[in-house]
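Take a look at the following structure, please.
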Amino acid sequence: MKITYLIFLFSFTLSAQVTDELYPQQVGDIEFDQKLDDQNFKICDVKQTAQYYNFSKGFQYKGEKYEILKKFKENYNPKIVTTGGGSGYITIRFLINCEGKTGLFRVQEMDMNYMPTKFDEDNIKQLLAITKSLDGWLIGEYDGKKYDYYQYLTFKLNNYKLLEILP
């Protein structure tokens, strides 16, 4: 009986260690990738990352969404490509750390039917560069504690012309 218990305890401990190594802390966590991410970007608390909507202030940017729209209107100059259409959604998801700095940018591309697609790389690079340049992100704070949090911007495009930025 003791041997069976010890074997069970050992296998449970081993599986718990493997699970911690294989899966992120939360569904949707962005794992650091040294090919894509800035080595100097600091994640303040790996175990407690919030989502932008967890804060009562709403949109977490100085000047709110109006300022973001303004920056994209001033800086996005779409390259119109005759092949491929360029209509659909490009989502850029990233992390804002407890210092208000951004990193871990990831891009997802979908057509108007929400199916994976590929957009022109120059237009994606432009949207990503403007997103990375946004420097008015507020620090996520709740009950006096500062948090890292995920944010995303989804760009609705029609022939690469920017129709809307979500959320």
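Considering each of Lys62, Lys73 in turn, give the residue that is of a type outside the set (Phe, Trp, Tyr), within 19 Å of Gly136 (Cα to Cα), modelled with pLDDT of 90 or more and exposed (fewer than 11 other Cβ atoms within 10 Å of the Cβ).
Lys73
Scan segment 85-108 residue by residue and report those that are assigned to a loop (DSSP other than H, G, I, E, B) and without any contact (Cβ under 8 Å) to a residue 60 or more places away in the chain.
Passing the criteria: Asn97, Cys98, Glu99, Gly100.
Ok, one more. Using beta carbons and a limit of 9 Å, which pairs, at least six apart or on different chains, have the first residue in segment 109-127 and at positive phi and of a type in the set (D, E, K, R) and the second one at pLDDT 95 or above and loosely packed, with under 12 Cβ neighbours inside 10 Å?
Note: no pairs meet the criteria.
In segment 148-167, how many residues are more than 15 Å from the chain's Cα centre (by Cα) and part of a strand (DSSP E or B)?
Total satisfying the criteria: 7.
For segment 60-81, enumerate the residues that are part of a helix (DSSP H, G or I) and of a type outside the set (Lys, Arg).
Glu64, Tyr66, Glu67, Ile68, Leu69, Phe72, Glu74, Asn75
Consider Ile139 carefully, then state whether it is of a type in the set (A, V, I, L, M, F, W, C), modelled with pLDDT of 95 or more and out of contact with any His (no Cβ under 8 Å at 6 or more places or on another chain).
Here the answer is no, as Ile139 does not meet what is asked.
Only residues in segment 64-82 that are over 18 Å from Asp122 (Cβ atoms) count as the first member; pair them with residues that are assigned to a helix (DSSP H, G or I) and among the hydroxyl-bearing types (Ser, Thr, Tyr), Cβ under 8 angstrom, at least 6 apart or cross-chain, and list the lot.
Lys71/Ser133
The values are calculated or read from the model by the stated rules, or taken from the named source; none is laboratory data. Small disclaimer: the values here were computed from a predicted structure and weren't measured. Glycine gets a Cβ as well: all are built from the backbone with ideal geometry, and neighbour counts include every protein chain shown.
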